[in-house]
Amino acid sequence: MTSITSVELNYLVFRYLQESGFTHSAFTLGYEAGINKCTIDGNLIPPGALITFVQKGLQYLEMEANMSNNDVEMDEDFSFLQPLDIITKDVNQLRQMIKEKRKNIQKDKDKDKEKNKDKDKNKDREVDREHEAERGRVREKERHEKEEREKEREKAESNKEPEKQPEELADGDMVMDQEDKDAIGHEENGTSIVGQEPMDIATASTQASQEACEIPGSDVTILEGHTSEVCACAWSPTGSLLASGSGDSTARIWTIADGLCKSGAQNSPLNVLVLKHVKGRTNEKSKDVTTLDWNGEGSLLATGSYDGQARIWTTNGELRSTLSKHKGPIFSLKWNKKGDYLLTGSFDKTAIVWDVKAEEWKQQFEFHTGPTLDVDWCNNVSFATSSTDHMIYVCKIGEIHPIKTFAGHQGEVNCVKWDPTGSLLASCSDDITAKIWCMKQDKYVHDLREHSKEIYAIRWSPTGPGTNNPNQQLILASASFDSTVKLWDVELGKLLYSLNGHKDPVYSVAFSPNGEYLASGSLDKSMHIWSLKDGKIVKTYTGNGGIFEVCWNKEGDKLAACFANNTLCVLDFRM
């Protein structure tokens, strides 16, 4: 008899958690169950495998329970059992339940037959009464028609205004037509008057605009080569290089040609460098590339992996450094602006600052009681960390205690981001809120509560004082599992727009360099580009897999997105 091993079951649960968006739970299970050590080739496991497996089991049990109950012939579908019955009872109990239910159904049928016999007798009596009544009505009608003919004859003899009646009927018809037209007019006016709340962009209008501004596939370059989902991508800040990280244990550096994007795949060896994180087999889950970041000069690429190691690569694809000290997967990784330090946050609950030149760790920060989910530099020597423990710490190189502690979230803090000037810190959490903090006070400055599900990502606009767009308003964008993106007035802590064009969780948002547009990527396979002037979609593209990340190049004329179907896409953006 075929059986499933605990290793196989653990892997199916792991994949289910990943596919359902429970990223942190998947990491935890994968780490504790040793998924990286199993020999299962993840590329052979279809999406939804666990659900399919459970459904097949339920169907088998239900069929097994039904197939042996041949004592009563039934034409109906044999759906007598609920899923909970099948899970909690053995086959003999299920067969007994079906037998009883079938007997009850047969009894009900016999009762229905008796009732139908009585009904037939009553119907015969009713038919006789109806016939008698009908004959009475026919006689009454004949008498009434005779009286009408007598009246018409009298009118014809008196010959009073013979044409008046038809004219009155015509006028009546015209009046009715006018009333109908008025009614239709009011309905049209009602539709046009019904607008949307100023803070909300309607899904209906969004749907129409999406169809109008869909980017054709001929204007998109598809980058193929990864053999597993592509979970991270980033443009070099100085050139036309695009980096990607995947579950296939590789990162890749793609050289994207200037000019218009063209349809078709771009995967020749001439324009892509493969950065292998493991020798030989490339389906080991321990080598998943979970995060990546370019230094400010665009000369070095750092990658973080599920194996707990950070790696630094040159633009030629050479491995320059391997940084090992974490005891669990790296979830987040950032260069400081100066480029002399690299910061990593890990499942092992710590954050580490690495001295890049010396190729060694400078300081390890062990303040959190749960996995560190995100890190972000405030300046060249201080930074913020967030964790599953609901806490945010601001740390400084050389200090053995946090220089600031922010407590207020009631769930895992998924993301922390400093504003362009490093004066405000934004955070978002599974507690369905985003918050804004400043170093001058312990409590949050603003508590942003308009989402209805977990908030996965937040980004600041490159606008306001101290940026290249000083005359534009500073805005915070939040992306949620409730399928919306929300834009916030940071000064007032108020909602500016709710962008409602997606149908599934939104994993990533990115502002254009000029601060005029926002790109959003969702598990619904679509990327929308929104105008920040009116909160409407100006361009949209639909790929063939859920989108994990979107990013703009430094000029703001190209966009990249990475997909769950192992591909990336690059598209032109010109308005």
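Looking only at residues in the range 338-382 that are within 29 Å of the chain's Cα centre (by Cα) and aromatic (Phe, Trp, Tyr), the one that is surrounded by the fewest Cβ atoms within 10 Å (Cβ to Cβ) is TRP377.
Looking only at the range 224-245, how many residues end up being open to solvent by less than 10 Å² (accessible area, probe 1.4 Å) and modelled with pLDDT under 95? So that I can check it myself, show each step before the final result.
Keep residues of the range 224-245 that are open to solvent by less than 10 Å² (accessible area, probe 1.4 Å), which gives 230, 232-233, 236, 242-245.
Checking which are modelled with pLDDT under 95 leaves us with none.
Qualifying residue count for the region: 0.
Any residue in the range 405-422 that is among the acidic types (Asp, Glu), in the same structural domain as ASP489 (by the TED database) and open to solvent by less than 20 Å² (accessible area, probe 1.4 Å)?
Within the range 405-422, the subset among the acidic types (Asp, Glu) is 412, 419.
After this cut, where a residue has to be in the same structural domain as ASP489 (by the TED database) as well, the list is 412, 419.
Subsequent filtering for residues that are open to solvent by less than 20 Å² (accessible area, probe 1.4 Å) retains 419.
Looking through the range 405-422, at least one residue is among the acidic types (Asp, Glu), in the same structural domain as ASP489 (by the TED database) and open to solvent by less than 20 Å² (accessible area, probe 1.4 Å).
Within the range 5-49, which residues are open to solvent by 50 Å² or more (accessible area, probe 1.4 Å), more than 27 Å from HIS326 (Cα to Cα) and without any contact (Cβ under 8 Å) to a residue 40 or more places away in the chain? Listed by number, the residues that qualify are THR5, SER6, GLU8, LEU9, LEU44, PRO46, PRO47. Just one of the listed residues (ILE397, ILE330) is modelled with pLDDT of 95 or more, surrounded by 19 or more Cβ atoms within 10 Å (Cβ to Cβ) and in the same structural domain as LEU292 (by the TED database), and it is ILE330. Checking the range 361-370 against the condition returns no match, with no residue being outside the structural domain of ASN36 (by the TED database), in contact (Cβ under 8 Å) with a residue 12 or more places away in the chain and at positive phi.
Kindly indicate which of ILE432, ILE458 is modelled with pLDDT of 95 or more, in contact with a strand residue (DSSP E or B) (Cβ under 8 Å, 6 or more places away or on another chain), part of a strand (DSSP E or B) and among the β-branched types (Val, Ile, Thr).
Working: ILE432 fails: part of a strand (DSSP E or B).
After ruling out the rest, the residue left standing is ILE458.
Give me a count of the residues in the range 517-538 that are at negative phi, in a loop (DSSP other than H, G, I, E, B) and under 20 Å from the mean Cα position of the chain (by Cα). Summing the residues that are at negative phi, in a loop (DSSP other than H, G, I, E, B) and under 20 Å from the mean Cα position of the chain (by Cα) in the range 517-538 gives 3.
The values are calculated or read from the model by the stated rules, or taken from the named source; none is laboratory data. Predicted model only: the values in this text are computed from it and were never measured. A quick note on method: Cβ atoms are made from the backbone with ideal geometry, for glycine too, and the neighbour counts reach across all protein chains shown. Quick note on the areas: whole protein, heavy atoms, side chains included, nothing else; ligands and nucleic acids left out. Shrake-Rupley method; radii C 1.70, N 1.55, O 1.52, S 1.80 Å.
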